[in-house]
Structures are given as C-alpha cells and as structure tokens.
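Report on the following structure.
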Amino acid sequence: MQFDARIDGKLIRCRITSDRDLKAPAFCFSCMVPVDVVEGGKRLSATGGHAEVALPDLKAGQPHDVILRHENPEFTPANRAWLPLGANLRMQDGSLALPPLPDGVRQAPRDSAAADWPRVCPQPTRAMAAAGHLVATSFAAPEIDPLSAADDLATRVGLGPFLSGDGAPLALEKDTSLPPEAYRLRLTPEGAQLGYADRAGALHGAVTLLTLARAHDGRIPCGLIEDAPRFGWRGQHLDCARHFYSVDTILRLLDLMALLKLNRFHWHFADDEAVRLDLDSLPELGRTHFRGEGELIPGVFGGGIRSGGGYSRADVTRILDRAADLGIEVMPEIEVPAHALALARVYPGTRDPEETGTERSVQGYAANVMNPAMKESWRVWHAMVDEIAGLFPFDVIHLGCDELPEGTWQGSPAARRLMADEGLDTTDDLQGWTINRLARRVAEHGKTPAAWEEAARGKTGIENGAILFSWTGQGPGLEAARAGYKVVMTPAQHVYLDMAHTADPEDWGANWAAVIALQDTVAWDPVPGDDPALADNIIGVQGTFWSEFTTRDAQIEAMLMPRLLGVATMAWQDRGSADPALLPRLAAAYQPILAAMGWQSA
Ligand code: ACM
C-alpha cells in the first residue's frame, strides 16, 4: 500500500495505490484546516480538519488520485506539514486496510543551503513552496524580448542557454493587474508559468527562473513566487575617474546588476583626477584621460608612470545599449564645482586669477574647485550638461556637489563680488546658488537634476525638484526627505562597498566610514520607523564604489561581491524582511553563478 501527497498551488494531490483489491474504502485523515474534495471521492464527514472521504473500489496496483482543497482559500497549503496526516483506509466492516500512516516528519534539507529556498537574491516578496521539483536547466519559450535578453545575459555570463527548444515549458502570461516591475512565477514539475505586466517584470521573472535553475542545480523546488520591488531606484555607482575601467568591465558589472535586479547605474566618470568622457563640445577633456609623468595630473592613487583612458562615443553607446537591454538606466555624473582638479587644470579660466585662498580638499588637493564667478566655468558646465543631456537617454543627470573644501571662494575677489550681488553670505550659500543655477539648465532639457546631499545647503540650495543622494549617513537624507526632496539612500556605513570587509590588516579597502561585513549591508532601514511622510520621498537605495585604491579592474569583484547581495536586498525587499543570517547562505548559493561568470567573491 502506498500513499503519497503533494501540494500543487492551492490543491493537495493525494495518490493511493493499494496492493490488493479494496471495496469502496473510506479515506480518513486530518489536515491543518478543513478541506473539500475536488476530485476522486465524496466527503462523508468532517470535524475541523479531520475528514472521511468515500472512495470508489480500488484495484490492486492501480493508483487512485484524490484532490483536496482548503475550504477557506485564504489558507494556501504552505509546506509538507499541511498535507494529510495520520491517513488510513477504513473498510466497510470497520477494519483498517492500512495501519495509520506515519505522519510527515520534517526532512533534513538536502543540504545546508536548501532551507534557503528560493535561492535567489533579493528574496521574493512571497514564496509558497509546493511538493515536487521542476527539473530544468533551460526553458522552451518564444525567443522574444525580454526572454531573449535573459537568454543573451545567461549566455554571456556562462549560465546559458536560458532558452532552448528542448527545455522545460515556460508559458508567458500578460497580467495587467500586476504593478510595475512585478512578476509571478508558478513552478510545477511540468513547467513554469511567468505572469508579468511590463518588460521589467518579465525580465525580473526570467532572471529569477534562471537563477533558481543554476542555484538549485537544475532541480528547482516547485511553488508559487509573487514578487515586486520596494523601491523603483535600485542602484550601483562606479567611480571610473580614480581608476579607468574598461568598457568590458562595466558591461560585466551591468550583467551582475541585472542578475540582482538592480536597475540604475550611476556612472561617476568625472572627478579630480580625470573627466573620462569624450565630448565634442569640450575636446580638451582628452588631456585629462591619462595621468602620470608629464600629464596634467601626476600618478596619484596608484596611477604610476602613466595610466588611464577615456570613453569614446562608441563606448558610451555600447554601455547604453547593454544597459537598455538589461532594463538598467544609466545616470551620468558631472562632478562640480568641487572635485574638479582636472577640469580646473584643463580650463584655467574657471579659476579666479586673483584667488588667494589656501584651502585643500579632503584628498589634499589645492585649487580643485571651479569658480562660479568666472564666465568660463559656466561655459564648461553648460557645455557638459547640454552635450550629456543629448547623449544619455535617462532623464536624471547628477551634478555632483560634494565635499567643497571649507572656506572655498572666500579668497576670490570675483566670487565675493558675486556673493554681494546675489545677497549670499557664506560658501554654502554660493554653492547652493551655483548648483541650483546649473540644475535649472538640466531642467531646461526636460531632465531632473540630482546631486549629493550637500547640494541642499545654503540660503537656497538646489531646488526641490532635485534628487539628493544621502551618503555621509541617513540623517541628511531624512532631513532632505522631510524638506520635500526625493532621496536615494547610499549611507557610507552600510553600502560604500569600497570599505574593507573586516578590520584585519591583511584585508583590502577603505575604512573611513566603517568596516562593512556582509551582514552590515542590511543592518539598517532606508525609511527608519516606516514614517509615511518620508516613505513617499525616499525613492531608493544605491551601493557606491570609489576607486582610490583600485589599480586593476578585477579588484572590484571581491569588494562588490558578496556585499552587493545586501544592497539588492535593501533596495528590493519589503521593510523588515532582510535576514542577515540568510545572506551568507545566499552568498554560498551564488557561488556557482559567480564561478560561471568568472567573478571573484570574497
Ligand atoms: C562622497 O562620498 N564624497 C559622495
């Protein structure tokens, strides 16, 4: 006599196989909650979750199926404990055909990571396990966008193919009732069904399926996944000014981001050391691309004798095309008025010749700030905004505006005259006035300006239409959100991935903000206290990577991973759902994926 039961969505499928003929036995069992019989018998009686079900005659060796469903459809069966317990068959003479079947016991997970079902980061909003596995490494579905984009991604990173004619069936189901970026994935032993409302949702669902297939080694636990992001802005920043990363490295980062459902790439290509974009309107920028002996900037930050590079228009197009395919928007950053040593050197007219100030930047640079009282500064800034607005399709342009050295412009007679004319008293006032004026230029292109948190300072500060990036911690972001700004949280103590993982002197990375272990990346809440007044204005979470100590592209790999899992978790998952203890296990589950990518993880 064999008895087997499994969960199939809302149904409980039981199969009874008797080893002898039985005349219309009663199937007696108990479930967690009251059940109805959908098929295979007739309920005779019920007491709570206990039921007796009349079966037809059973033939020796012929399986008979009984399908049950909870009376209350709100109570979806969640795991094996919800299957019939204490099941037996009672004959018409009252004898039991079966000794009571042993109740289920919690089986040890297949391995230590099995309890991490589903092995995907970020963890889905809802995941209801069902019995059985979908055995699949690829899927049969129409080769249409965005499934083809997921297939290209899989192939590129060594996880492919995602689509193949002889793969498990994958059915697409457009469901306009789903919110933006949401998806629903139904996994049964027979195949997968993907519900989505928009391209992003379909791509996220495909990425989840691809990830599950690899992380569960081709044996995907069945169930239902319903998933949607908490934040629309889920970003990663890369400082390509301190270190020049090849286009291929940036494309690889975009691939990794897409695997983690991150959808904003903050491209920091300008800083004190270089402005790496080729712009037709400012051809002299090419002189900043290399640093070292005889260059505008010496070999700071491991630059050595000569190092660097620039991004051509063709490079930008490659990056934008790949990002678009992966559903990632690219936000360019024009880093002004400070952190602009290279710009100030290549365009000396952006500094007041009468300047007497002796202030230094945190990196120790003198004269790294452009002067808003100089016409030349505005020519350069406007040219950058105008050309970049045309080059990048995303409707947000980041202007920079961090770490203006204290006392800046006080030693410039031209700046002091400007301050007097505009009724400005302090350096912060002049910074706010400057960045706001430049923000208006961005707005004239129909785009939204963004800036680091300092842009809110001063008498006016940047106007409220701007997005601010809170980096010294969450405090400035909370203050900005209360003042009406949209805010992206990138607190250095948790998501500056250039910080060292540990305090071990043999480790690698910065530590001025913190030492950031994997678990620290989720030990915060982007909207503390779930304050509804803030929730509307805090639009996202972003990881940041500065490159002061990077001399080879590959060095970012073990800095970003596995901690990018934490960034993705905070950016996607619902409040309070991040489980620090799960992160290391997810990191282990991602090892085969990273190994396939050739991406090193710490
Ligand atoms: C920053 O880390 N200076 C934005």
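The values are calculated or read from the model by the stated rules, or taken from the named source; none is laboratory data. Since the model is a prediction, treat every value here as computed from it, not as a measurement. Here the Cβ positions follow ideal geometry from the backbone for every residue, glycine too, while neighbour counts run over all protein chains shown. When the accessible area is computed, the model is the full protein with side chains, heavy atoms only, and any ligands, DNA or RNA have been set aside. Shrake-Rupley method; radii C 1.70, N 1.55, O 1.52, S 1.80 Å.
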>> Just the number please: accessible area per residue for the chain, 1.4 Å probe, all protein chains included, in Å².
In response: 39 Å²
> How much accessible surface area, in Å² rounded to 10, belongs to the heavy atoms of Lys10 with a 1.4 Å probe?
Replying inline: 100 Å²
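Given axes a ≥ b ≥ c from the Cα gyration tensor, I'd like to know whether the chain is rounded (a/c under 1.5), prolate (a/b larger than b/c) or oblate.
Taking the square roots of the gyration eigenvalues as a ≥ b ≥ c, the chain is prolate.
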> Going through segment 248-314, which GluC sites (Glu not before Pro) have at most 12 other Cβ atoms within 10 Å and a DSSP loop state?
Replying inline: Glu293
> Under a straight-distance cross-link criterion of Cα-Cα below 29 Å, which lysines are reachable from Lys23, leaving out those fewer than 8 residues away in the same chain?
Replying inline: Lys42, Lys59
> For Ala60 and Arg287 in one chain, what is 0.36 nm times their gap in residues minus the Cα-Cα distance, to one decimal in nm?
Replying inline: 73.1 nm
> Pulled fully out, how much extra length does the chain show between Thr176 and Asp536, if you take 0.36 nm times their separation in residues and subtract their Cα-Cα distance?
Replying inline: 127.2 nm
> Among the lysines, which fall within straight-line cross-link reach of Lys375, defined as a Cα-Cα distance under 30 Å, with same-chain neighbours fewer than 8 residues apart omitted?
Replying inline: Lys447, Lys459
> Taking all protein chains as present, what is the carbon and sulfur share of the accessible area of segment 162-240, in % to the nearest whole number, probe 1.4 Å?
Replying inline: 52 percent
> Taking a spot 7 Å from the Cα of Met91 along the direction of its beta carbon, which residues of segment 1-38 have an amide N less than 18 Å from it?
Replying inline: 1-2, 17-28
> So how far apart, in nm, are the two label points at Ser148 and Thr460 if each is 7 Å from Cα heading toward Cβ?
Replying inline: 4.9 nm
> Could you give the dipole magnitude of the chain about its Cα centre, charging the beta-carbon of Lys and Arg +1 and that of Asp and Glu -1, in debye to the nearest 20?
Replying inline: 1580 debye
> Relative to the present Cα-Cα distance, how much length would full extension add between Ala523 and Ala420 at 0.36 nm per residue of separation?
Replying inline: 32.5 nm
>> Are there any trypsin sites (Lys or Arg not before Pro) in segment 546-602 that are in a DSSP loop and have at most 15 other Cβ atoms within 10 Å? List them by number.
In response: Arg552, Arg575
> Add -39500 (n - 2.57) for each DSSP H run of 4 or more in the chain, then divide by its residues: what number comes out at 222 nm, to the nearest 500 deg cm²/dmol?
Replying inline: -7000 deg cm²/dmol
> Val33: accessible area at probe 1.4 Å, nearest 10 Å²?
Replying inline: 30 Å²
> Of all GluC sites (Glu not before Pro) in segment 160-208, which ones are in loop regions per DSSP and have a Cβ with at most 14 other Cβ atoms within 10 Å?
Replying inline: Glu190
> Based on the Cβ-Cβ distance from Arg313 to Lys10, what FRET efficiency comes out when R0 is 56 Å, to the nearest 0.05?
Replying inline: 0.55
> Using the membrane-span-like helix rule (whole DSSP H runs, Cα extent along the own axis of at least 15 Å, mean Kyte-Doolittle hydropathy at least -1.0), which helices of the chain qualify?
Replying inline: 199-215, 247-259, 313-325, 375-391, 427-444
>> Which of rounded, prolate or oblate describes segment 401-445 when judged by the alpha-carbon gyration tensor and an a/c cut-off of 1.5?
In response: oblate
> Say R0 is 41 Å: what FRET efficiency, to the nearest 0.05, do Val247 and Val33 get from their beta-carbon distance?
Replying inline: 0.10
> For the chain, what is the percent of antiparallel DSSP beta bridges, rounded to the nearest 5?
Replying inline: 60 percent
> Any idea how far apart Ala602 and Arg43 come out in nm if each label point goes 7 Å out from Cα toward Cβ?
Replying inline: 5.5 nm
> What spacing in nm lies between the two simple spin-label points modelled at Val135 and Arg20, each 7 Å away from Cα in the Cβ direction?
Replying inline: 3.5 nm
